[in-house]
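Colleague: Starting off with a structure, shown below.
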Amino acid sequence: MAAAKHDAGRVTERLGALAATALLFATGCTTMSNGGLDYEPQRLSVSDAKDLVRRQSSTIFEASGLREANNGAPDAAPCEGVDNGFRVRHFWSMYGPSADSLKQAMDKLHKDLPAKGWKVYRFEPAKSEAKQLQLDVEHEKDHHTVQIELLLPSTYENPSKWEKQYRDSLSVSLTSPCYVDPECKVGD
């Protein structure tokens with residue numbers, strides 16, 4: 001009986017090791033150091049990382065052809081398990097004179113961002129009830145990721161009280177990879 005439990009434990013252990021190995025091959029991840037990251041975070045000050053994110057956001061805004069945005073400030077958040085690690089997030093929106101102009105801007109971004117160093121990973125309706133168009137890209141050099149969603153509450157059949165308060169927009173969420181700054185403090 002004890003031998004059977006011991007064998008079952010070894011089988012479970014081996015299956016776990018095989019599953020982990022398969023995951024490594026499937027995802028392309030290497031050893032999980034630095035809080036589980038599959039890359040070595042670049043050393044960069046919080047201030048410089050925020051400036052880089054602002055420049056990336058400006059590139060996206062200019063490529064859209066739109067003229068109005070609410071440009072919230074980028075913020076730094078800790079990278080779990082990485083000493084003095086942080087990533088910068090920037091949430092902002094772009095507006096146009098009409099829903100059609102926003103749709104055209106989304107198409108323009110899909111077409112023009114690859115020429116500016118961005119790789120398109122997704123350009124399709126989101127898997128949500130609203131099925132808004134979503135564009136996911138990653139900058140091939142800096143590895144910033146961006147999710148842009150076409151939000152058109154003016155076209156919703158039964159908009160909620162909350163949705164009625166918002167203008168049609170392109171909602172942008174830009175996130176940097178993890179960086180390391182020995183001077184980093186949460187909330188910088």
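The values are calculated or read from the model by the stated rules, or taken from the named source; none is laboratory data. Because the structure is a prediction, the values reported are computed rather than measured. Note: ideal-geometry Cβ built from the backbone for every residue, glycine included; neighbour counts use all protein chains shown. The protein model used for the area step is the full one, side chains on, heavy atoms only, and it has no ligands, DNA or RNA in it. Shrake-Rupley method; radii C 1.70, N 1.55, O 1.52, S 1.80 Å.
Colleague: In what sequence, largest accessible area first, do 39, 166 appear using a 1.4 Å probe?
Modeller: 166, 39
Colleague: List the lysines whose Cα sits under 19 Å from the Cα of residue 127, skipping any in the same chain fewer than 8 residues away.
Modeller: Cross-link targets: 103.
Colleague: Name the GluC sites (Glu not before Pro) in the range 41-135 that are in a loop by DSSP and that have at most 11 other C-beta atoms within 10 Å, would you?
Modeller: Those satisfying the criteria are 80, 129.
Colleague: Nearest 20 debye, what's the magnitude of the dipole of the range 136-188 about its Cα centre given +1 on Lys and Arg Cβ and -1 on Asp and Glu Cβ?
Modeller: In total the dipole reaches around 340 debye.
Colleague: Trypsin sites (Lys or Arg not before Pro) within the range 70-149: which are DSSP loop residues with at most 16 other Cβ atoms inside 10 Å?
Modeller: 127, 131, 141
Colleague: Rolling a 1.4 angstrom probe over the protein heavy atoms, how many square angstrom per residue are accessible across the range 56-188?
Modeller: Heavy-atom accessible area per residue stands at 57 Å².
Colleague: Right, here's the next one. At 1.4 Å probe size, what's the solvent-accessible area of residue 61? Round to the nearest 10 Å².
Modeller: Residue 61 exposes around 50 Å² with every protein chain in place.
Colleague: So how much accessible area does residue 136 have, in Å² to the nearest 10, using a 1.4 Å probe?
Modeller: Here the residue's solvent-accessible area equals roughly 30 Å².
Colleague: List, in the order given, every pair from 50/119; 50/116; 131/161; 108/161 whose Cα-Cα distance in the structure shown is over 24 Å.
Modeller: 108/161
Colleague: How would 143, 110, 90 line up by accessible area, probe 1.4 Å, largest first?
Modeller: Order by accessible area, largest first: 143, 110, 90.
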